[in-house]
1. May I ask for the angle, rounded to the nearest 10°, between helix A:4-18 and the longest principal axis of chain A, with both axes built from Cα atoms and the value confined to 0 to 90°?
2. If one computes the Cα centroid of the range A:18-56 and of the range A:136-210, what distance in Å separates the two points?
3. What is the distance, in nm, between label points placed 7 Å from the Cα along the Cα-to-Cβ direction at A:Glu121 and at A:Gln42?
4. With angles folded into 0 to 90 degrees, how steeply does helix A:169-179 sit against the dominant principal axis of chain A? Use alpha carbons for both and round to 10.
5. If you line up the long axis of helix A:192-211 against the longest principal axis of chain A, both from Cα atoms, how many degrees apart are they, to the nearest 10?
6. So who's got an amide H within less than 5 Å of the one on A:Trp116, skipping anything under 5 residues away but keeping other chains? H placed 1.01 Å off N, in plane.
7. Pick out, in residue order, every one of the GluC sites (Glu not before Pro) in the range A:95-185 that is DSSP loop and has at most 14 other C-beta atoms within 10 Å; say none if there are none.
8. Starting at the first residue of the range A:215-229, write each ³J(HN,Hα) from the Karplus equation 6.51 cos²θ - 1.76 cosθ + 1.60 with θ = phi - 60°, in whole Hz, x for Gly and Pro.
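Derivation of every value follows stated rules applied to the coordinates shown; laboratory data play no part. Just so you know, these numbers come straight off a predicted model, no measurement behind them. Positions of Cβ are generated from backbone atoms using ideal geometry, with glycine treated the same way; all protein chains shown enter the neighbour counts.
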Amino acid sequence: MPELPEVETTRRGIEPHVIGRAVRGLILRRADLRWPFPQALQNLIGERITVAERRAKYLLLHSRPGAALLHLGMSGSLRIVDAGLPPRLHDHVDIVLDDGRALRFNDPRRFGALLWQVAGEVHPLLQGLGLEPLGPDFSGEHLFALSRGKRTTVKVFLMDQAVVVGVGNIYAAESLFRAGIDPRREAGKVSLARYQRLADAVRDILAHAITRGGTTLRDFLNPEGEPGYFEQELQVYGREGLPCRVCGTPLRHATLGQRATVWCPRCQR
DNA sequence: CATCGGACCTGTTAGC
DNA sequence: TGCTAACAGGTCCGAT
């Protein structure tokens, strides 16, 4: 489900509810999601949450001894609920706050994660991540430099979290459409000028999607329980066979890197 | 090394 | 209507 805009929407939704709150308790209704919940998570209890940070598609709830590190995987979501509200199916974890509410982590497919990052350290999962696409250093030059010699497709390259973070299957397709680049192109053969267009497209689309509250295809809801509206503006994702919104040509479909890929054969070269 | 495929899960939908 | 197969927003890890 969540790519960068959905994770950022989630972060903004929970931030006002968790900042300055102390953690009263942790309810773990199972022992793991993608990985076992570490014992060190108990360090959060009694501590005050100081910062709600997003890095790539991870969320970090910082406290004095360390941070709870969350990943929403394909189907995870967070909600702010009254702590007494009975849990529903796949509500795996509650972080209970001192105001009678709780941050509730729901994840049907259980590809998500809840881990612990010791204060002053960087969790191994966060090491080796690429640039933030909305940060100051992300650029066409960066994409161009890292892509030299790469035989993979430009779409798979763009979704490599070691290159640039936060771009998943939806936004990769949309960005390549905006930049006019055929997703099947060999990454190492795309020109600097085209990577500059692509970097601009990634930045613009992600930033705009955040203002729309993300993309709700089936079940993404922000922590207030509201959907996102960016899907109304999707140009290619999920539209295979339908006419291109720009030129009317039927959109093509192929599988790249085991992911469904859609593009306009006329607008994207 | 870079690249590829399998694996981890459940829920929904398309197709027979 | 009911069953089955395919597919879904992610990414780690092992094999090649």
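1. So the helix axis and the longest Cα principal axis differ by about 20 degrees.
2. 34 Å
3. With each label placed 7 Å out from Cα toward Cβ, I get 1.8 nm.
4. Tilt of helix A:169-179: around 40 degrees.
5. It works out to around 40 degrees.
6. Residues meeting the amide H criterion: A:Leu69.
7. Details: sites: A:Glu121, A:Glu141, A:Glu174; in loops: A:Glu121.
Within the range A:95-185, the qualifying GluC sites (Glu not before Pro) (loop, at most 14 other Cβ atoms within 10 Å) are A:Glu121.
8. 10, 10, 8, 10, 9, 5, 10, 6, x, 8, x, 9, x, x, 10
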